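**Q** Just passing along the structure, written as structure tokens.
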Amino acid sequence: MTRSSLPVVVVPCHNEAGRLDVARFRELAETQCVRLLFVDDGSRDDTTNVLRRLDAVAGIDILTLPRNVGKAEAIRHGLLHALEDGAQTLGYFDADLATPPSELLRMLALLEERADLSFVLASRVALLGRRIRRRAWRHYLGRVFATLASVFLRIPVYDTQCGAKVFLVTPALRHALATPFRSSWVFDVELIGRLLRGSARVAPVPLAQFEEMPLREWRDVGGSRLGPGGMARAAVDLLVVGYRMNRRSP
Ligand SMILES: Nc1nc2c(ncn2[C@@H]2O[C@H](COP(=O)(O)OP(=O)(O)OP(=O)(O)O)[C@@H](O)[C@H]2O)c(=O)[nH]1
Ligand SMILES: [Mg+2]
């Protein structure tokens, strides 16, 4: 694979100085299987300086936003930036490495191997033999959220919220990224909904082109930005997004 045709994976960062594992991200870029685009979303801590240490690494780019626009918008900016650069495969990946880099590589490999796929979602399914370490209350809240998301999207998806997704550039994707998402925490649901719906001019992505990849490993990482306020906001956003999605497509 040539360098310019490498997948570009956006890593949103807001005040991540304390969590960013520079060494592991450097190792990931050094595999030369992926380019990483860190989006520094108006951080007020030392994130900008930490990211400077990564800027010199081949395969790592930094996009600095002057003010905090939230996770969804930061990811959208990053994806649009990569689209302008001609990337053919894109993705996004949480900075806390809750999903290990090896799993991101496995997702990219699956997308490359399977010509019938255009969207791969990481899924946190706790099974024997897998190491999915999630606090019980987060798991159960997450299950309620994910079940509602599945009902609103009208597809049997298990986990819309895991922060690791990779996808091919299609007209439907360009269309899905053309306007801001309504919600900063529920944008994954909006993105999938937009792709499945397409538009008057753009064909939707068929459901058969989506695949959930059960992770072998995932762990809750401390320092989450999603506190009780954010969770309440996410729940309200999900109801609003779900209502609007279904109002438009009865
Ligand atoms: N750009 C941007 N990214 C954010 C913002 N808040 C969180 N993030 C990023 O979103 C990713 C996930 O953040 P976490 O705080 O771990 O939230 P989460 O993974 O959704 O929730 P947990 O399951 O609690 O870990 C990280 O890469 C954060 O830097 C924000 O305001 N702007
Ligand atoms: Mg996290």
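Every number in this text was worked out from the coordinates using simple rules, so none of it is lab data. Just so it is clear, the model here is predicted, and its values are computed rather than measured. Cβ atoms come from the backbone with ideal geometry, glycine included; neighbour counts cover every protein chain shown.
**Q** What residue among 115, 95, 200 has the largest mean-square fluctuation in a Gaussian network model of the chain, using Cα springs under 10 Å?
**A** 200
**Q** Taking 45 Å as R0, compute the FRET efficiency from the Cβ-Cβ separation of residue 246 and residue 221 and round it to 0.05.
**A** About 0.85, to the nearest 0.05.
**Q** How high is the FRET efficiency from residue 84 to residue 135, r the C-beta distance, R0 41 Å, rounded to 0.05?
**A** That gives a FRET efficiency of 0.55.
**Q** Something else: Let me know the whole percent of all Cα-Cα pairs from the chain that are separated by more than 24 Å. Mind dumping the intermediate values first?
**A** Numbers: 13709 of 31125 pairs.
Percentage above 24 Å: 44.
**Q** Between rounded, prolate and oblate, where does the stretch 176-250 land on the alpha carbon gyration tensor, with a ≥ b ≥ c its root eigenvalues, rounded for a/c under 1.5, else prolate if a/b exceeds b/c?
**A** Oblate.
**Q** If you don't mind, there's one more thing I want to ask. Roughly speaking, what is the stretch gain from residue 128 to residue 143, that is 0.36 nm per residue apart minus the C-alpha to C-alpha distance, in nm to one decimal?
**A** 3.6 nm
**Q** If the chain between residue 27 and residue 109 were fully stretched, how many nm would it gain, using 0.36 nm times the residue separation less the Cα-Cα distance?
**A** 27.8 nm
**Q** Determine, for each peptide in 61-67, 210-216, 34-40, the mean count of other beta carbons within 10 angstrom over its residues, then list the peptides with the highest first.
**A** In decreasing order of mean packing, 61-67, 210-216, 34-40 become 34-40, 210-216, 61-67.
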